[in-house]
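Notes follow once the structure below has been shown.
Taken together, the values in this text are just the output of simple stated rules run on the coordinates, not laboratory data. Treat the numbers as computed from the prediction; the structure is a model and nothing was measured. Heads up, the Cβs are rebuilt from the backbone with ideal geometry, glycines too, and the neighbour counts pull from every protein chain shown.
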Amino acid sequence: MHNLDLLPEVRNGTILKVVAYHQRVARHYNRRMKPRHISVGDLVLRSIEAAGKGPQRNKLSPLWEGPYLVAAMVKPGTFKLKDAEGKMLPRTWNIENLRKYYQ
């Protein structure tokens, strides 16, 4: 019965340790994370694997294709792209699948 009386205190202590651990992991991740800044009007390359063209690839084929023009930002981190002829690509693209193109 004595252990049952101490159970809420032990549980609260464990919850505090878990929260502290999550904060340490987030701090470690955020320290090494470099933010990517892409805005409307920038030229970007898109990942071939994200475009669904993975099976035809071999080890010498390029990993990125483009350049594409960022036409609109749907929400932060999600973009609509245009190709060189000005035609909109059919879906939105996440910033994880895009890379800035430098001329």
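For the pair the range 1-15 / the range 43-103, the C-alpha centres are spaced 53 Å from each other. On full extension, the segment bounded by ASN94 and GLU65 gains 8.9 nm, given 0.36 nm per residue less the C-alpha separation. Taking label points 7 Å from Cα along the Cα-to-Cβ direction, HIS2 and GLN23 give a separation of 3.3 nm. Pairs of Cα atoms nearer than 8 Å and 6+ residues apart set the relative contact order; for the range 5-99 it is 22 percent.
By the helix-only formula, in which each DSSP H run with n ≥ 4 contributes -39500 (n - 2.57) and the sum is divided by residues, the chain has a 222 nm mean residue ellipticity of -11000 deg cm²/dmol.
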